[in-house]
Amino acid sequence: MKSLAELVILVQKDDEEAFSQIVNSFKPLLIKESCRNGSFDEDCYQECMIRLYIALKKIDITE
């Protein structure tokens with residue numbers, strides 16, 4: 001299994017599988033942060049996914 005840093009580098013090279021692996025690792029947190037008023041909010045979850053993707057593309061990782 002690749003490290004988080006390696007996965008981020010792959011995401012920055014547009015590797016969809018790497019992004020999927022990161023999402024799976026952080027899925028419990030994404031779901032937790034997507035709950036509003038005691039219920040799951042699909043729109044919030046989608047927004048979290050978009051912001052995660054944007055953040056991963058901006059991270060500066062030196063190899």
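The values are calculated or read from the model by the stated rules, or taken from the named source; none is laboratory data. Here the structure is a predicted model, which means the values were calculated and not measured. Neighbour counts run over all protein chains shown; Cβ positions are idealised from the backbone, glycine included. Just so you know, the surface numbers come from the protein's heavy atoms only, side chains and all, with ligands and any DNA or RNA stripped out. Shrake-Rupley method; radii C 1.70, N 1.55, O 1.52, S 1.80 Å.
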Whenever you get a sec, compute what percent of the accessible area on the chain sits on carbon and sulfur atoms (1.4 Å probe). 53
In the chain, which trypsin sites (Lys or Arg not before Pro) fall in coil by DSSP and have 16 or fewer other Cβ atoms within 10 Å? K2, K13
Which whole-number percentage describes the relative contact order of the chain, with Cα contacts under 8 Å and a sequence gap of 6 or more? 35
Mean residue ellipticity (222 nm) of the chain, computed from DSSP H runs ≥ 4 via -39,500 (n - 2.57), nearest 500: -23000 deg cm²/dmol
Residue by residue through the stretch 25-32, what is 3J(HN,Hα) from phi via Karplus (6.51 cos²θ - 1.76 cosθ + 1.60, θ = phi - 60°)? Round to whole Hz and write x for glycine and proline. 5, 9, 4, x, 5, 4, 5, 4
Backbone HN-Hα couplings from phi across the stretch 7-15 [Karplus 6.51/-1.76/1.60, Hz, Gly and Pro as x]: 5, 4, 4, 5, 4, 5, 9, 6, 7
Dimensionless Rg/Rh of the stretch 1-58, both radii on Cα and Rh by Kirkwood, sits at 1.03
